[in-house]
Amino acid sequence: MEGQKYKKAVINLVTVIILFALVFLVFRKDYRAILECLRNVSVWGLLLVLGLDMGYQFIGSVSRLTLVRTRLPSFSLKQAAGITFLGIFGSVSTFSAGIIPMQSYYLYQCGVPAGSGIGMMILEYVFHKITVFLYAAVMMLAYGTWIKETVPELTKYIYLGFAVCALIITVLILICTWGMLQKLVLLAIRKLPDTGRWEERKAVWHDNLESLYRESRNMLKNRACCLKLVFLDALKLSCLYMIPFLCIRRMGLSGITIMESQAMSAIMVLLVGVLPSVAGIGPTEAAFLLLYSACIGRIPASAALILYRTATYFFPFLISIGVFFKIEKKVTDGLEEKIGGTK
């Protein structure tokens with residue numbers, strides 16, 4: 001078991017290194033000009049950018065706190081922050097596959113029933129996707145003409161992004177709320193083979209789906225909580241969408257207003273959410289360069305991208321490593337005490 005974990009960790013690390021090498025190859029011709037832009041960023045400017053991302057993570061933790069407290073009133077903000085950084089760690093270390101398992105297991109250790117934790121984390125994702133769509137739709141209504149004039153070649157992809165995002169949201173909502181669809185999905189699960197590990201997988205998927213349906217129905221009855229979650233997600237996204245503008249200004253550049261940057265960032269996150277990625281790398285970089293190069297130029301956009309990803313990817317991931325090992329130690333110690341107490 002330990003050998004499999006080690007092998008998987010090595011594969012993930014090698015993949016990330018390869019991706020970083022590819023990013024280096026893309027920027028290597030312009031690295032001097034990019035470094036010149038980055039030299040304009042003061043220490044206080046960098047701290048401000050990093051602080052804005054921490055604001056994004058903090059509001060996300062408050063959103064998760066609001067959701068979990070509907071089931072577990074004693075759940076604390078510190079535990080909610082643990083959930084947030086476990087999600088970041090899982091996104092990078094497991095290529096996003098381990099996000100919900102990590103978060104739901106930690107919720108179980110905090111006192112949330114196993115299935116309910118999975119349902120809550122899926123619901124949290126659903127509310128996030130809904131808010132991303134609504135935020136982008138509002139920005140498109142307000143700045144659609146400017147966006148089409150700035151990046152006319154991307155207009156069809158933007159509309160496709162809205163369509164795919166709407167489809168994802170619709171499917172998730174139907175799975176969460178429509179009993180008939182749930183029965184059909186459960187029937188499809190039962191039709192899967194009973195041999196080998198399929199029997200275990202079927203049982204897990206069956207329990208998770210029922211937990212999701214149960215939690216969804218309970219949550220949707222609490223309209224005040226739903227509205228609060230959407231508001232917190234919108235506030236969280238406004239912090240995230242402010243970061244590119246701040247990166248550009250900290251380098252002493254101009255060419256885009258704060259609201260235009262909000263619109264570009266909203267479209268960028270919408271597109272990123274419907275594109276495949278590896279460990280959170282790929283679509284964000286491509287979308288950022290395509291959108292912001294049209295506003296401020298390719299080299300300034302490349303420099304802003306490096307600063308942006310430092311704040312939104314590398315910095316929170318470094319913090320998440322410490323949080324992960326701290327939580328792992330706490331959980332392991334707790335299990336050892338339980339085992340020792342039963343002897």
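The values are calculated or read from the model by the stated rules, or taken from the named source; none is laboratory data. Just so we're clear, the structure is a prediction, and the values are computed from it rather than from any experiment. Every residue, glycine among them, receives a Cβ derived from its backbone with ideal geometry; neighbour counts consider all protein chains shown. Surface areas here come from the heavy atoms of the whole protein model, side chains and all, with no ligands, DNA or RNA. Shrake-Rupley method; radii C 1.70, N 1.55, O 1.52, S 1.80 Å.
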Number of the exception - T195 against (1) of a type in the set (V, I, T); (2) free of Cβ contacts under 8 Å to residues at least 12 places away in the same chain; (3) in a helix (DSSP H, G or I): (3)
For the stretch 201-213, state whether one or more residues are open to solvent by 70 Å² or more (accessible area, probe 1.4 Å) and closer than 16 Å to T131 by Cα. no
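So, L275, is that one at pLDDT 90 or above and either at negative phi or touching a strand residue (DSSP E or B) at 6+ places or on another chain (Cβ under 9 Å) (or both) or not?
Working: at pLDDT 90 or above: no; either at negative phi or touching a strand residue (DSSP E or B) at 6+ places or on another chain (Cβ under 9 Å) (or both): yes.
Spelling it out, it is not the case that L275 is at pLDDT 90 or above and either at negative phi or touching a strand residue (DSSP E or B) at 6+ places or on another chain (Cβ under 9 Å) (or both).
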Residue in the stretch 217-264 that is nearest to C176 (Cα to Cα), counting only those that are surrounded by 21 or more Cβ atoms within 10 Å (Cβ to Cβ) and of a type in the set (G, A, S): A263
Single condition M102 does not satisfy, out of (1) in a helix (DSSP H, G or I); (2) closer than 23 Å to I299 by Cβ; (3) modelled with pLDDT of 65 or more: (2)
Out of all the residues in the stretch 37-69, which are under 16 Å from Q103 (Cβ atoms) and either out of contact with any helix residue (DSSP H, G or I) (no Cβ under 9 Å at 6 or more places or on another chain) or outside any helix (DSSP H, G or I) (or both)? R69
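A quick yes/no check of all residues on (1) assigned to a helix (DSSP H, G or I); (2) at pLDDT 90 or above; (3) among the hydrophobic types (A, V, I, L, M, F, W, C):
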site: F75; (1), (2), (3): no, yes, yes
site: K78; (1), (2), (3): yes, yes, no
site: M120; (1), (2), (3): yes, no, yes
site: A136; (1), (2), (3): yes, yes, yes
site: G144; (1), (2), (3): yes, yes, no
site: V164; (1), (2), (3): yes, yes, yes
Within the set of pairs 6+ apart or on separate chains, which have a first residue in the stretch 234-257 that is touching a residue at least 60 places away in the same chain (Cβ under 8 Å), a second that is in a loop (DSSP other than H, G, I, E, B), and C-beta atoms under 7 Å apart? R250/V41; M251/N40; M251/V41; G252/N40
Do we have any residue at all in the stretch 283-291 that's more than 21 Å from A311 (Cβ to Cβ), open to solvent by less than 70 Å² (accessible area, probe 1.4 Å), modelled with pLDDT under 90 and part of a helix (DSSP H, G or I)? no
Conditions (1) open to solvent by less than 30 Å² (accessible area, probe 1.4 Å); (2) closer than 25 Å to L86 by Cβ; (3) modelled with pLDDT under 90: number failed by G179: (2)
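If we keep just the residues of the stretch 49-70 that are open to solvent by 50 Å² or more (accessible area, probe 1.4 Å) and modelled with pLDDT under 95, which is farthest from R309 (Cα to Cα)?
Just the residues of the stretch 49-70 that are open to solvent by 50 Å² or more (accessible area, probe 1.4 Å), to begin with: 54, 58, 69-70.
Applying the additional criterion that residues be modelled with pLDDT under 95 yields 69-70.
Numbers: R69: 32, T70: 34 Å.
Top of the filtered list is T70.
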Apart from one, (1) open to solvent by less than 30 Å² (accessible area, probe 1.4 Å); (2) out of contact with any helix residue (DSSP H, G or I) (no Cβ under 6 Å at 6 or more places or on another chain); (3) within 30 Å of G297 (Cα to Cα) all hold for V112; the odd one out is (3)
The stretch 71-82, subset touching a helix residue (DSSP H, G or I) at 6+ places or on another chain (Cβ under 6 Å) and over 23 Å from K221 (Cβ atoms), residue surrounded by the fewest Cβ atoms within 10 Å (Cβ to Cβ): L77
Scanning for something modelled with pLDDT under 85 and under 21 Å from E36 (Cα atoms), does the stretch 254-261 turn up at least one residue? yes
